[in-house]
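A short write-up of the structure that comes next.
The values are calculated or read from the model by the stated rules, or taken from the named source; none is laboratory data. Remember, it's a predicted structure, so these values are computed and weren't measured experimentally. For neighbour counting, all protein chains shown are included, and Cβ atoms are generated from backbone atoms with ideal geometry for every residue, glycine included. To get the accessible areas, we keep the full protein, side chains included, count just its heavy atoms, and leave off ligands, DNA and RNA. Shrake-Rupley method; radii C 1.70, N 1.55, O 1.52, S 1.80 Å.
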Amino acid sequence: TKSGCSHKLNTELSGLQSPSWEHLSHHRYTADSTGTTSGTGQQRLSDTSPDEGLTEDLTIEDKAVEQLAEGLLSHYLPDLQRSKQALQELTQNQVVLLDTLEQEISKFKECHSMLDINALFTEAKHYHAKLVNIRKEMLMLHEKTSKLKKRALKLQQKRQKEELEREQQREKEFEREKQLTAKPAKRT
C-alpha cells in the first residue's frame, strides 16, 4: 500500500545522513588498451571469467545507485516535507472553511425560514382581522335579526289584536243589526 511504502521510505530516509559524494570518487575507473579497468581503487578485471567482473561492476553500480538515490532524496526530501506540511495545513484550513460555510448556509436557511415564519404571522394577523370583522358582522346581523323577530312578533300581535278588534266590531255590528231589525210580534 502507499502508506506502507511511504512509511518505509520515511523510516529509511530518517536514518540517512547527507550523502558523501567523496567516496564515489574512489570508484572511478578508466579503461586501458588491454580491456582491463584501473582506477584509484586499484581493482582489475581478469580476462579469465567475464562474469566475475560483471558481479563486481554490479556491486559497485548498486552502491553508486544507492548513494545517488540517497543524495537525490536528501536534496528533495526537505522540500517535499515542507510541501506535505503545507498541504496538511491547507487541508485543515479547507475543513475549517467548509465547516464555517456550512454554518453560514444553515444561518441563511434559518433567516429564510424566519422570513417565511414572519410572512405566515403577517398572513395570520390578516386573517385574524378578517375573522374579527366577520364576527362583528355576524353579531350585528344577529342583533338585527333579533330586532326584526321582535318587530315581527309585535306586528303579528298587533295584527292579531286588530283582527280580534275587527271581529269583535263585526259581532257588535251584527248584534246591533239584529236588534235593529224588526221583530215580528208574537200573536197570542
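The table below lists the values:
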quantity: Residue in region 181-188 that is out of contact with any Phe, Trp or Tyr (no Cβ under 6 Å at 6 or more places or on another chain), open to solvent by 100 Å² or more (accessible area, probe 1.4 Å) and in a helix (DSSP H, G or I) present; calculated: no
quantity: Filter result for S113 (assigned to a helix (DSSP H, G or I), within 33 Å of the chain's Cα centre (by Cα), surrounded by 10 or more Cβ atoms within 10 Å (Cβ to Cβ) and at pLDDT below 90); calculated: yes
